[in-house]
Amino acid sequence: MKKITWWEPEIGQAERDILAEVLAGNFVNDGDYTTRFEERIAALVGCRYAVGVTSCTSAIFLALKAAGVGPGDEVIVPDATFIATANAATMAGAKAVLVDIEAETLNMSPAAFEAAITPRTKAVVPVHVSGRAARLPEIAAIAKAHNIVLIEDAAEAFLSKLDGQSLGTYGRMGCLSFSPMKLITTGQGGMVLTNDPDLHVLLRQLKDQGRPVRGTGGKDPHPIVGYNFKFTNIQAAVGLGQLDKLDERVAHVKAMYRAYEKNLKGLNAMRLLPSRIDEGELPLWVDVVVERRDELARYLRDRGIDSREYWNPIHTQPSYRLPDDRFPTATRLLPKSLWLPSAFSVTEADVARVCDTIREFLAQ
Ligand SMILES: Cc1ncc(COP(=O)(O)O)c(C=O)c1O
């Protein structure tokens, strides 16, 4: 029986061809292919600037640094996210302040965000989990009223939209990930999006040892202290190749969600998390809330079906430990949340098999 994977990257001939070109050209650093990839991404999401970096973690870190976040500052992040969001704040020397989520979407609760604001709050980083838009209009209004910088963690939300606008372009800056489980991958990689020309220059300096333009490592000016988060031509070659399949992938992701929606209809024991596809949301990974989640994941695995359990709430990790009762929704729902197979290789027949197997389990 076919093994159904929850996610896997796909690399095609276009990636190999462009990569061969880069290798033959012998310029393997951050270069012209990087610029081409940055420009393609900026055009696709509809923003002025995109700055390629090594990962989304470094993208969030750089965005925080560019916003002036440092020691003594607080950065508000949701309790339900990949730990990278909190770690980026910690890397910047700030305190990551965790807030609870909403049951409906598993995204940051605007009320919890507002309640956590202190005079030290410098930035807020909402996350669009599985491509599902956080409540940006409310979060942005609260942030504005308190002079807090809004930086979006759009790691899982490339090409997902809210009210016709791409996620990652609402805040002062937005951050994308091109790690292997994403719509497109460059192995590792990320991008900071912004419309602000000054931030654009600052981000370029920060990603490359304080240099505002690509240098030689020789007699370059370094007006500020920076880091090395360059995104190489090699990564960009893979990224440019991946873009060839974009339309196909977007269509696939939407079809996958609709197939699950159809096959899980009427199944009260399992809640499919929402995706407003008709309004432009792109559900990168299909996710559900279900009792006996770990048992179900095992049951599926034994029958050749992969899934992925949700992250543990960040407040349960040793570096960020806080009492459960401060995060009632994340504490209750994350251990019941599961990503179902959403890989490009998953067919509608596979979805039917996954859902039949789930019904079989729930009937026990
Ligand atoms: C919500 C979220 N934020 C941040 C990251 C970190 O991205 P990267 O692995 O590119 O550093 C990821 C995933 O990889 C993620 O899912």
Quick calc, R276 & A103: beta-carbon distance into FRET formula, R0 25 Å, rounding 0.05, result 0.90
For the pair K262 and A145, the simple spin-label estimate (label points 7 Å beyond Cα toward Cβ) gives in nm 4.4
Computed over segment 107-160, the relative contact order (Cα-Cα under 8 Å, seq sep at least six) in percent reads 44
Rounded to the nearest 500, the 222 nm mean residue ellipticity computed for the chain from DSSP H runs (n ≥ 4, each -39500 (n - 2.57)) alone is -11000 deg cm²/dmol
Per GNM of the chain with C-alpha springs under 10 angstrom, the most fluctuating residue out of K254, K65, K245 is K245
Among P223, T329, Q317, the residue whose Cα sits farthest towards the positive end of the charge dipole of segment 205-345, when +1 is placed on the Cβ of each Lys and Arg and -1 on the Cβ of each Asp and Glu, is P223
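Using a 1.4 angstrom probe on heavy atoms only, work out the carbon and sulfur share of the accessible area of segment 286-364 in %. If you can, show how the numbers build up before the last one.
Values: 1660 of 3560 Å².
The computed percentage sits at 47.
How long is the gain from R292 to D325 if the chain were fully straight, where each residue apart is worth 0.36 nm and the alpha carbon distance is subtracted?
Numbers: separation 33, 0.36 × 33 = 11.88 nm, distance 2.15 nm.
Full extension from R292 to D325 adds 9.7 nm.
So how strong a dipole does segment 166-229 carry about its Cα centre when Lys and Arg Cβ are +1 and Asp and Glu Cβ are -1, to the nearest 20 debye? It would help to have the intermediate numbers written out before the result.
On the way: 7 positive and 4 negative charges, 25 e Å.
Dipole magnitude for segment 166-229 comes out near 120 debye.
By how many nm would the segment from D356 to V225 grow when fully extended, if each residue of separation counts as 0.36 nm and the alpha-carbon distance is taken off? Walk me through the intermediate numbers first.
Values: separation 131, 0.36 × 131 = 47.16 nm, distance 5.65 nm.
Stretched fully, the D356-V225 segment lengthens by 41.5 nm.
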Quick calc: nm separation of the 7 Å Cα→Cβ label points for A24 and K254 -> 3.7
Simple spin-label estimate for A349/T216, 7 Å along Cα→Cβ, in nm, reads 6.1
Charge dipole of segment 13-243 built from unit charges on the beta carbon (Lys, Arg +1; Asp, Glu -1), centred at mean Cα; most positive-end Cα among A84, T34, V124 is T34
In debye to the nearest 20, the charge dipole size for the chain, taken about the Cα centre with +1 at each Lys and Arg Cβ and -1 at each Asp and Glu Cβ, equals 320
In terms of the charge dipole of segment 13-243, which places +1 on Lys and Arg and -1 on Asp and Glu at the beta carbon, the residue among C175, I139, L98 farthest towards the positive end is C175
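The values are calculated or read from the model by the stated rules, or taken from the named source; none is laboratory data. The structure presented is a predicted model; accordingly, all values stated were derived computationally and were not measured. Every residue, glycine as well, gets a Cβ built from its backbone with ideal geometry; the counts of neighbours run over all protein chains shown. Each accessible area value is taken on the protein alone, full model and side chains, heavy atoms only, with ligands, DNA and RNA left out. Shrake-Rupley method; radii C 1.70, N 1.55, O 1.52, S 1.80 Å.
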